[in-house]
Amino acid sequence: MEGQPPPKPAKRDTPWSLIVFGVLAVYAILIALLNSEQVEVSFVFFTTEISLLVLVLLCLGIGFAGGYLFDRLRARRKRGASAQ
């Protein structure tokens, strides 16, 4: 038994998903804090003053919805073209 090396300690896996989640949470908090100023926005029919962060989120939502609807329209056209 004296000639055997001591057993290696158990290797602990790094919780990468937890680290990534933490970094993204800190990033989200920084975005919220650094974009809290009020900006004036014209919505064609009316003008209002909202937080810059709300404006960014609104633009992201409109872009996501537009992309989703465009993808559905393109898929419908593709199905119609393959049926003929």
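I'd like to check something: does the stretch 29-39 contain any residue that is assigned to a loop (DSSP other than H, G, I, E, B), in contact (Cβ under 8 Å) with a residue 12 or more places away in the chain and surrounded by 10 or more Cβ atoms within 10 Å (Cβ to Cβ)? Within the stretch 29-39 (the criterion being assigned to a loop (DSSP other than H, G, I, E, B), in contact (Cβ under 8 Å) with a residue 12 or more places away in the chain and surrounded by 10 or more Cβ atoms within 10 Å (Cβ to Cβ)), the answer is yes, since at least one residue qualifies.
Can F45 be described as outside any helix (DSSP H, G or I), of a type in the set (F, W, Y) and either over 19 Å from the mean Cα position of the chain (by Cα) or surrounded by 10 or more Cβ atoms within 10 Å (Cβ to Cβ) (or both)? When the stated conditions are applied, F45 passes them. Only one entry in A81, A28 is modelled with pLDDT under 90 and over 24 Å from the mean Cα position of the chain (by Cα), namely A81.
The values are calculated or read from the model by the stated rules, or taken from the named source; none is laboratory data. Just so it is clear, the structure is predicted and the values come from calculations on it, not from any experiment. For neighbour counting, all protein chains shown are included, and Cβ atoms are generated from backbone atoms with ideal geometry for every residue, glycine included.
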